[in-house]
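Comments concern the structure below.
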Amino acid sequence: MALSLTEGECYSTTDILSKTVIDRLVKEDPILKNLKFEELLGNSDTYVTVTTRSGAAFYSVGDTWVESTPSVTQATVTLTILGGDADLDNFLLDTRSNKLDMKGTVLNDKTLAVKEKFLDQFYYGTAADASGFSGLQQLLTSTTYNTVHAGAGATGGALTVAKFREAIDLVTGFKPQLIVMSKSQRRLLATYADSVGDKMPGMVTELGTFPTSFDNIPIAVSDHIGVVETISGDAFAAKTGGACTSLFILNFDSSACQGVQGSSGLKVVPLGDLETKDAQRFRIKWYVGMKLMNLRSCAKMDGIDYDAACTA
């Protein structure tokens, strides 16, 4: 059973310190609040995604029935190790603890670092860090099932409402639950909504405010979606070096976009006093990965010129 991080707390024996870190990790983030995680007993999992359904037909009495099978693609997700060490100086802990929560401050900073690293990887995968897991930019690449290109060749194109809806329509068999985009795209989308007013059905916004949904799908922004992406050959090529951005239409069903993690989940491990300095060390570690169970469950639009005005 795949559970979100906060749901998983209810079924685990996670210590109080680890629970606190998990709560801070998911706070105010729409991805980590909704993304479900399946626990793996080993270090990897092989799964199949259906690329072409087998089909069916009507038959008359006496007809010969024709067998057909679906086309499938095999994929493997491997757990990667994410985390960091945080040292607490014993002198400061003894002399300043009455004025400042040293432990909370240091661990909170390390938690935010882990959170930022995970979210970078969630969107950009190996384009962000080759040692990490594959992210949405690697899992969503099919122009047949889940990808719309706004640009062409190595040149970005403006976000258009028509292509936006084309990307949404690629999500089949699942209900889109969230649209995530860069702040620049939300800003340009708001400017377009202001210009057309009530002529833009499906856009929930008021003049001078940011849109909160599009075609009844909530909109969220992420600082981890960059505006300097590079495209090449009509497709996303690199996280940096260009002037493009992407947006994503997501479903968090356990048979759609899903995280995977080790059976221990995210842990905070007290490593004790250090030999080389007067400090104690804590380690936050997370054996984590990500998979896309169904190619049609999520979609993206890439190659969007980050500062080009949105049009119809």
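Throughout, read-outs are computed from the coordinates displayed, never taken from laboratory work. Everything numeric in this text was worked out from a predicted model, so none of it was measured. Every residue, glycine among them, receives a Cβ derived from its backbone with ideal geometry; neighbour counts consider all protein chains shown.
Details
- Of all beta bridges that DSSP places with both ends in the chain, some 80 percent have antiparallel geometry.
- Per-pair calculated FRET efficiency, R0 = 22 Å: A113 and A238 via Cβ, rounded to 0.05: 0.40
- Toward the positive end of the charge dipole of the chain, with +1 on the Cβ of Lys and Arg and -1 on the Cβ of Asp and Glu, the farthest Cα among A57, W286, N90 is that of N90.
- This ranking places L32, L266 by how few other beta-carbon atoms lie within 10 Å of each, fewest first, which gives L32, L266.
- Kirkwood hydrodynamic radius computed over segment 48-205 comes to 21.3 Å, based on all pairs of distinct alpha carbons.
- Centroid-to-centroid separation of segment 47-111 and segment 120-180 [C-alpha atoms, Å]: 17
- Computed from Cα atoms, the angle from the helix 183-196 axis to the main principal axis of the chain rounds to 40 degrees.
- Charge dipole (debye, nearest 20) of the chain; +1 at Cβ of Lys and Arg, -1 at Cβ of Asp and Glu: 120
- When peptides 278-291, 78-91 are sorted by average Cβ neighbour count within 10 Å, with the highest value leading, the order is 278-291, 78-91.
- Sorted largest first, the spans of the alpha carbon positions of the chain along the three principal axes are 81, 58, 34 Å.
- Against the empirical 2.2 N^0.38 Å (N residues), segment 71-149 has a Cα radius of gyration ratio of 1.69.
- Highest GNM mean-square fluctuation among L140, L188, L274, for the chain modelled with Cα contacts below 10 Å: L274.
- Dipole in debye (nearest 20) - segment 38-170, about Cα centre, beta carbon charges: Lys, Arg +1; Asp, Glu -1: 380
- Farthest towards the positive end of the charge dipole of the chain, among the residues L188, A299, T172, is the Cα of L188, using unit charges on the Cβ of Lys, Arg, Asp and Glu.
- Modelled this way, with points 7 Å down the Cα-to-C-beta line, the labels at A75 and T143 are 2.0 nm from one another.
- Gyration tensor (alpha-carbon) shape descriptor, segment 226-312, a/c threshold 1.5: oblate
- Angle of helix 102-124 to the longest C-alpha principal axis of the chain, folded into 0 to 90 degrees and rounded to 10: 20°.
- Positive-end residue of S255, N43, T126, charge dipole of the chain with Cβ unit charges: S255
- In the elastic network of the chain, a GNM with C-alpha springs shorter than 10 Å, the most mobile of G55, G132, G153 is G55.
- With both labels modelled 7 Å from their Cα along Cα-to-Cβ, the T191 to W65 distance reads 6.0 nm.
- Over the residues of the chain, the helix contribution to mean residue ellipticity at 222 nm works out to -7500 deg cm²/dmol, using -39500 (n - 2.57) for each DSSP H run of at least 4.
- Beta bridges per DSSP, both residues in segment 135-282: antiparallel share near 85 percent.
- The slack between K175 and R53, meaning 0.36 nm per residue of separation minus the straight C-alpha distance, is 42.0 nm.
- Length gained on full extension, L274 to T46: 78.1 nm, using 0.36 nm per residue less the C-alpha separation.
- Within the listed set D120, D223, D273, the residue fluctuating most in the Gaussian network model of the chain (springs between alpha-carbon atoms under 10 angstrom) is D273.
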